Amino acid sequence: RSESVESSATGEEDSYRELTFATSYSFGAWRLDAGAGLLDYTKLDDFSQRSLYLGGARGLRLGAWHLELGAHGTQLSFGGDVYERNVTAGLMASRVFDGGSRLRAQLRRAKVDGQGLFTGLTGDRTELGVYYDTTWRAWYLGAHTRGEINDSEDSIFATRYVQIGAEARYSLTPLWALNLGAALRRTSRPTETDTLDGWDDDRLALQVGATRALWKQAQLYMRYDVETNDSPVPGFDYDRNRVAVSIEFWY
């Protein structure tokens, strides 16, 4: 991560290590989920992060639809201190159509408990999303729309957003595939203080990438991201680009 002059963080250059772990175990109609994540900066320890979650879900059939009811708890840490704990309940409904296309809808409701200096995060979050994907010859095509209402006690953390996006993947060979993605999000922020009015941010994110299968359960993933956030508030108005290479494996 390079140094920068205009930044909402430190503006200092640093490197970091990131690790994400997730696992699921199914028994009958039930599924148990668990996971953890860490992000460690080399010099800026105060910005290192940790996350833990544990939850479960149960699948149900309703005609042509598959329903999944679940709940999970999450704990988030920043700079070594816990800043948020939340409990989330959700419902996922999905249906597969002739030809292999799929429609999914998801509703989630979270109860948030802010900790320490971030007690203002305490409140409720509601998220709704609709997703559709299909395949055609060597193409995979997907589209989505989703939104969230974040009602935090402190208005500086309260937000509303709505997003639309699409992605496409083309299989060049049995080993290589190309990926394209785009998403447009509008985020609305309420009034923070008596002297600062609320405002809207418009963010455009574009991604191009390629994957290469290494063996049956591993792949090389290369991607280039461009993100532009148009905001009337300095610090929230930015352009960002990133190149990333990763190896992903599962079992």
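Using a Gaussian network model on the chain with a 10 Å cutoff between Cα atoms, which of D33, D98, D230 fluctuates the most?
Result for the chain, Cα springs under 10 Å: D98 fluctuates most.
Give me the percent of the accessible area of the chain that comes from carbon and sulfur atoms, probe 1.4 Å, all protein chains in place.
Values: 9400 of 16570 Å².
C and S atoms contribute 57 percent here.
Which whole-percent values make up P(r) of the stretch 75-119 when all C-alpha to C-alpha distances are grouped in 10 Å steps starting at zero?
22, 29, 21, 17, 10, 1
What do you get for trypsin sites (Lys or Arg not before Pro) in the stretch 164-251 restricted to DSSP loop and a cutoff of at most 15 other Cβ within 10 Å of the site's Cβ? Could the numbers behind the result be given before it?
Numbers: sites: R169, R185, R186, R203, R212, K216, R223, R240, R242; in loops: K216.
Listed in order of number, the matching sites are K216.
May I ask you to evaluate 6.51 cos²θ - 1.76 cosθ + 1.60, the Karplus curve with θ = phi - 60°, for each residue of the stretch 175-184 and list the ³J(HN,Hα) values in order in whole Hz, giving x for glycine and proline?
With coefficients 6.51, -1.76 and 1.60, one gets 9, 10, 9, 9, 10, 10, x, 8, 8, 10 Hz.
Once the principal axes of the Cα atoms of the stretch 26-136 are found, what is the range along each, listed largest first in whole angstroms?
Here the spans come out as 53, 30, 27 Å, largest first.
Only loop residues by DSSP count here, and only those with at most 15 other Cβ atoms within 10 Å; note down the trypsin sites (Lys or Arg not before Pro) in the stretch 6-92 that meet that. Could the numbers behind the result be given before it?
On the way: sites: R17, R31, K43, R50, R58, R61, R85; in loops: K43.
The qualifying sites are K43.
In terms of the ratio Rg/(2.2 N^0.38 Å) built on C-alpha atoms, what value belongs to the chain? Mind showing how you got there, number by number?
Values: Rg = 20.2 Å, N = 251, 2.2 N^0.38 = 18.0 Å.
For the chain, the normalised Cα radius of gyration comes out at 1.12.
Give me the log10 of I(q) over I(0) for the stretch 149-225 at q = 0.15, 0.21, 0.23 Å⁻¹, as the Debye formula computes it from C-alpha points; what are the numbers?
Debye intensities relative to I(0), on a log10 scale: -0.67, -0.90, -0.99.
What is the log10 of I(q)/I(0) for the stretch 180-251, computed with the Debye formula using one identical point scatterer on each Cα and no solvent, at q = 0.11, 0.15 Å⁻¹?
-0.45, -0.65
Taking DSSP loops as anything outside H, G, I, E and B, show the longest stretch in the chain free of GluC sites (Glu not before Pro) there with at most 10 other beta carbons within 10 Å. Display every interim value, and only then the final one.
Details: sites that count: E3, E6.
Longest gap between qualifying sites, sites excluded: 7-251.
Taking the Cβ of T126 as the center, what net charge do the other residues with Cβ under 9 Å away carry, scoring Lys and Arg +1 and Asp and Glu -1?
Values: positive: R108, R109, R125; negative: D124, E127, E148, D151.
After counting each charged neighbour, the total is -1.
On average, how much accessible surface per residue is there in the chain, in Å², for a 1.4 Å probe, leaving out ligands, DNA and RNA? Numbers along the way, then the final one.
On the way: 16570 Å² over 251 residues.
I get 66 Å² per residue for the chain.
Would you work out the Kirkwood radius for the stretch 14-91? I mean one over the mean of 1/r across all pairs of different Cα atoms, in Å.
Numbers: mean 1/r = 0.0697 Å⁻¹.
The Cα-based Kirkwood calculation yields 14.4 Å.
Would you look at the GNM of the chain, springs on alpha carbons closer than 10 Å, and say which of V130, V96, V233 moves the most?
Highest fluctuation of the listed residues: V233.
The values are calculated or read from the model by the stated rules, or taken from the named source; none is laboratory data. Everything numeric in this text was worked out from a predicted model, so none of it was measured. Neighbour counts run over all protein chains shown; Cβ positions are idealised from the backbone, glycine included. Accessible surface is based on the protein model in full, side chains and every heavy atom, while ligands, DNA and RNA are left aside. Shrake-Rupley method; radii C 1.70, N 1.55, O 1.52, S 1.80 Å.
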